[in-house]
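Following: one structure in structure tokens, then a few remarks.
The values are calculated or read from the model by the stated rules, or taken from the named source; none is laboratory data. Just so it is clear, the structure is predicted and the values come from calculations on it, not from any experiment. Neighbour counts are summed over all protein chains in view; Cβ atoms, including those assigned to glycine, are modelled from backbone coordinates with ideal geometry.
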Amino acid sequence: MRQTSTVVFCGVDALIPPRGKISPGFDEFTAALDHAGIPAVWVTARSRGQLDDPRRRLDHSHPFIAEEGCGVYLPEGYFHLRPAKTVRLGRFTCIPIAEPQPAAREALESLSEDTGVSVVTLRSLSARQVMRNSGLSLQDADLARQRDFDELFFFAGASEQDIAWFVAEGRNRNLQLRQHGVLWSLAAGASLSLCIRALSKLYERALRSRPAILGIATQEESRELFAACDRAILLGHPASDASGSPHPPKAREIPFPAPDTWDLVLAGLGPR
């Protein structure tokens, strides 16, 4: 691994949508990072299978964090030394942060039974049913159903009050519930900050010095990611939170989308 003073953690779900084109200029940006020897760790709510195609198209060869902080996926031979706790998942060595399946599936079933709130898991539907309800291609719909850690589901006729109770009870059980439109995910033990911490330690050991941790994301993906980074670049303009102050306060804002977005991001990688 080439010596570097920075490791970039980039939220990619808004930049590489499952439908449509990659954000203009993002491919050149990732190539520029590779040329400069700066690792770019992708952060996503998707599964490892859903990242196969974009990783191949953009020649992404660095680790990534999938399923919203459930696990860190390391390409074969990326680090000389491995952490103590790893599992083999497909072509990757994974640092599991959340409990692997079937923990989330069983926790969701128990939570639904105890609260009386009905849910439908994507795993229980055929790929064609997921395709019709999500607008994904058949291949993407099939990949979306295959998860290593979390469980995707939607509520079946539940009221807003029922959903609020369901979510509150899940949090009381130390489960992580995240909403993505009509879909929800449930995980047992997911933590993006722990993923970033575990991976940062590996980079520190490999580089023999602590690199700066820089987060890049749109507003939707920024909150948990930026809280675990030394510096941050927010793509777009943040909305105000309930206190009236912009979130996150330590982020440098760069207009997005704009013709010069990625040139400005590259210029912002240096020390402040």
Q: Hey, can you tell me all the residues within the range 59-87 that are loosely packed, with under 12 Cβ neighbours inside 10 Å and modelled with pLDDT of 95 or more?
A: D59, S61
Q.
Between L199, L214, which is buried (at least 16 other Cβ atoms within 10 Å of the Cβ), on the phi < 0 side of the Ramachandran plot, touching an Asp or Glu at 6+ places or on another chain (Cβ under 8 Å) and modelled with pLDDT of 95 or more?
A. L214
Q | Residue under evaluation F149, criteria (1) crowded, with 18+ Cβ neighbours inside 10 Å; (2) in contact with an Asp or Glu (Cβ under 7 Å, 6 or more places away or on another chain); (3) closer than 21 Å to S61 by Cα, criterion not met | A | (3)
Q. Does the range 234-261 hold any residues that are over 12 Å from S222 (Cα atoms), at pLDDT below 70 and assigned to a loop (DSSP other than H, G, I, E, B), and which are they?
A. D241, A242, S243, G244, S245
**Q.** strands (runs of 3 or more DSSP E) wholly inside the range 70-134 containing at least 3 residues that are under 20 Å from the mean Cα position of the chain (by Cα) and closer than 28 Å to P18 by Cα
**A.** 71-75, 87-89, 92-96
Q: Among what's in the range 159-170 and is free of Cβ contacts under 8 Å to residues at least 40 places away in the same chain and part of a helix (DSSP H, G or I), pick the residue that is nearest to V182 (Cα to Cα).
A: E160
Q: Out of the residues in the range 186-214 that are among the small types (G, A, S) and under 12 Å from the mean Cα position of the chain (by Cα), state the one that is nearest to F79 (Cα to Cα).
A: S193
Q. Does the range 141-158 contain any residue that is assigned to a loop (DSSP other than H, G, I, E, B) and without any contact (Cβ under 8 Å) to a residue 24 or more places away in the chain?
A. no
Q. Quick one: how many residues across the range 1-22 are within 22 Å of I213 (Cβ to Cβ) and assigned to a loop (DSSP other than H, G, I, E, B)?
A. 10
Q: Scan the range 31-42 and report the pairs whose first residue is on the phi > 0 side of the Ramachandran plot and whose second residue is surrounded by fewer than 17 Cβ atoms within 10 Å (Cβ to Cβ), with Cβ atoms within less than 7 Å and a gap of 6+ or a chain change.
A: G37/R2
(Q) I'm told G135 meets every condition in (1) in the same structural domain as V182 (by TED's automatic domain parsing); (2) free of Cβ contacts under 8 Å to residues at least 40 places away in the same chain; (3) on the phi > 0 side of the Ramachandran plot except one. Can you identify the failing condition by its number? (A) (2)
